[in-house]
1. Within the stretch 444-451, can one find any residue that is closer than 30 Å to Arg61 by Cβ and either aliphatic (A, V, I, L, M) or free of Cβ contacts under 8 Å to residues at least 12 places away in the same chain (or both)?
2. Is there a residue in the stretch 371-392 that is open to solvent by 10 Å² or more (accessible area, probe 1.4 Å), among the polar types (S, T, N, Q) and without any contact (Cβ under 8 Å) to a residue 40 or more places away in the chain?
3. With over 35 Å from the mean Cα position of the chain (by Cα), surrounded by 20 or more Cβ atoms within 10 Å (Cβ to Cβ) and either under 28 Å from Ile39 (Cα atoms) or touching a residue at least 60 places away in the same chain (Cβ under 8 Å) (or both) as the only criterion, which of Ile113, Ile87, Ile131 stands out?
4. Confirm whether Glu264 is surrounded by fewer than 18 Cβ atoms within 10 Å (Cβ to Cβ) and either touching a residue at least 12 places away in the same chain (Cβ under 8 Å) or not polar (S, T, N, Q) (or both).
5. Regarding Glu491, is this residue open to solvent by less than 20 Å² (accessible area, probe 1.4 Å), of a type outside the set (Lys, Arg) and part of a strand (DSSP E or B)?
6. Looking only at helices (runs of 4 or more DSSP H) that fall completely inside the stretch 346-425, which ones have 3 or more residues that are closer than 22 Å to Glu500 by Cβ?
7. Go through Leu21, Leu74, Leu44 for me and flag whichever is open to solvent by less than 60 Å² (accessible area, probe 1.4 Å), assigned to a loop (DSSP other than H, G, I, E, B) and not acidic (Asp, Glu).
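The values are calculated or read from the model by the stated rules, or taken from the named source; none is laboratory data. Note that the structure is predicted; figures quoted are calculated from it, not measured. Virtual Cβ from ideal backbone geometry, glycine too; neighbours counted across all protein chains shown. For the accessible areas, the whole protein counts, side chains as well, though only heavy atoms, and no ligand, DNA or RNA atoms are used. Shrake-Rupley method; radii C 1.70, N 1.55, O 1.52, S 1.80 Å.
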Amino acid sequence: MALKRIGDILIKENLLTQKQLVKALENKNPDEKLGETFIRLKMLNEMQILKALETSTGVKRVSLNTYNFDSKALKMVSEDFCRRNNIIPLKFEGRKLLFATSDPLNFSAIEEIRMATGYQPQPFSSPRDDIFSQIEKHYGFKETLEALGVDTMIQEEIIDADEETPMVRLVNQILSSAVFQRASDIHIDPLDKNTIIRYRVDGVLDIVRELPSNIHKQMINRIKIMADMDITDTRVPQDGRIQTNIQDRKLDLRISTLPTVRGEKVVMRILDLTGSMNKLEYLGLSPHEEKLINNLISKPNGILLVSGPTGSGKTTTLYAFLNELNNPSVNIVTVEDPVEIKMQGVNQVQVHSEIDLTFANALRSILRQDPNIIMIGEIRDKETAEISIRAALTGHLVLSTIHTNSASKTVTRLLDMDIEPFLIASSLSGVISQRLVRRICPECNIEEELSSHEKEIFDKYGIDSNFKTKRAKGCPSCNFKGYAGRMGLFEILPISKEIENLISKNASVHDIDKVAIKQGLKPLIVSGLEAVKRGETTLEEVLKVAED
């Protein structure tokens, strides 16, 4: 009944067509609510659904970030029930129990609240992430810290991974909260009087919690035990790995510890093993860019390089290429340091420098394995570059990354490695330079006129500046950051015959750029400015990563 009603409501509000509803029903996962299906298929966003429900059902929305919760109301409903149904109690009003929910049509949950509490439930709507954050705040961390007795606890080492101990729950809650907030890294930093927990979300680090310093050692030891690391040695850096399931997602956590004067600092990198993001369609490519890349990766041989600084998404792009190329008819072999995501059907080799299994040595062996496609984590020296070129010239497609600021400067970087110009020209099939910028929040952005200086920048690159730009504002939906998620900016340079001749003649970067732009190359700055004009990001974000 509820599933039918939400579809009818959205059609009535002209947010959905009957054809889209049928498609959503056909693609709905068994354990998924229909509203979640609409969001996953990018038919609607969560706020559009909540607004439609507010209009049609009268269930009002509530902002939870500044709400003064009633502790007695919170105790009326169990944490488990709140997590299962994504609800949180707010307060009492006479015989009414007010609560927030991300699904106002979940009538069975409303009836359960009435039966369990004896109060008349009154729902308010709020985004799923906001409710989850408040559950973590009011149920998870608070109760766990109370159970730990943080005011009087004496530091001592934990010796077993008992799933019922408060410390185990604390670490699990830190991990779960990070995954829900789409964090890529968790930083645990010891200070003089406390320990701070920071999450890196969309490339930006933020403090999310402060904990007493007297539980720092216990927390680090718990993480070390999970990662099969030595808890007795706190004087040297250590690396470990945890594979776990959090919120029905298979995750790989890369753990790194660093001894500091205040204690061990821990960084946990979160890698999603589901592979959902390792697809070409999720890179944020325009149809033209996707066509160019498909042409480059469909070539039977040659070197395709992805360039950019650390943290610009190069490895994610390579995995997306491999995912596109992966089928039983080809032999794909990779050599990586480290192997970040395991892929079915791909032979992945981990570099071990301590046993002399370097990129170059692994590549020599790979060439005897009859590969069609070779992926190298990074070309960082002359030896690796020379073997990669030999592989490309003998009929293999080679994919790799390189640290340069633009597509054309990749040629200069290879020349700096003492690679002959004619070898670069005959083996290089294309270069993709990329950067990541934050997407502007679709819920709270505001439109403003461009300033005179901003108009000059657009006019300089031949882009019409007669439009209103979107500015980041901040709201509960984006945790008051003004941005939600990230997107790629791409500069794609296919090596044409004319550019090949320029490389052979050791032409300058300026000459290569001049010809490439004439042939249709879109520089990073232009790609970014077009994204600003489409309302996807802001000029501030683009100018952080692309040269004007």
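1. The answer is yes, given that some residue of the stretch 444-451 is closer than 30 Å to Arg61 by Cβ and either aliphatic (A, V, I, L, M) or free of Cβ contacts under 8 Å to residues at least 12 places away in the same chain (or both).
2. No; the residues of the stretch 371-392 include none that is open to solvent by 10 Å² or more (accessible area, probe 1.4 Å), among the polar types (S, T, N, Q) and without any contact (Cβ under 8 Å) to a residue 40 or more places away in the chain.
3. Ile113
4. no
5. When the stated conditions are applied, Glu491 passes them.
6. Correct list: 382-393, 409-416.
7. So the residue among Leu21, Leu74, Leu44 that is open to solvent by less than 60 Å² (accessible area, probe 1.4 Å), assigned to a loop (DSSP other than H, G, I, E, B) and not acidic (Asp, Glu) is Leu44.
Here is a yes/no grid of residues against (1) basic (Lys, Arg); (2) within 30 Å of Cys478 (Cα to Cα); (3) touching a Gly at 6+ places or on another chain (Cβ under 8 Å); (4) surrounded by 14 or more Cβ atoms within 10 Å (Cβ to Cβ):
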| site | (1), (2), (3), (4) |
| --- | --- |
| Pro190 | no, yes, yes, yes |
| Ile196 | no, yes, no, yes |
| Tyr199 | no, yes, no, yes |
| Val204 | no, yes, no, no |
| Arg209 | yes, yes, no, yes |
| Asn214 | no, no, no, yes |
| Arg222 | yes, no, no, yes |
| Ile242 | no, yes, no, yes |
| Asn245 | no, yes, no, no |
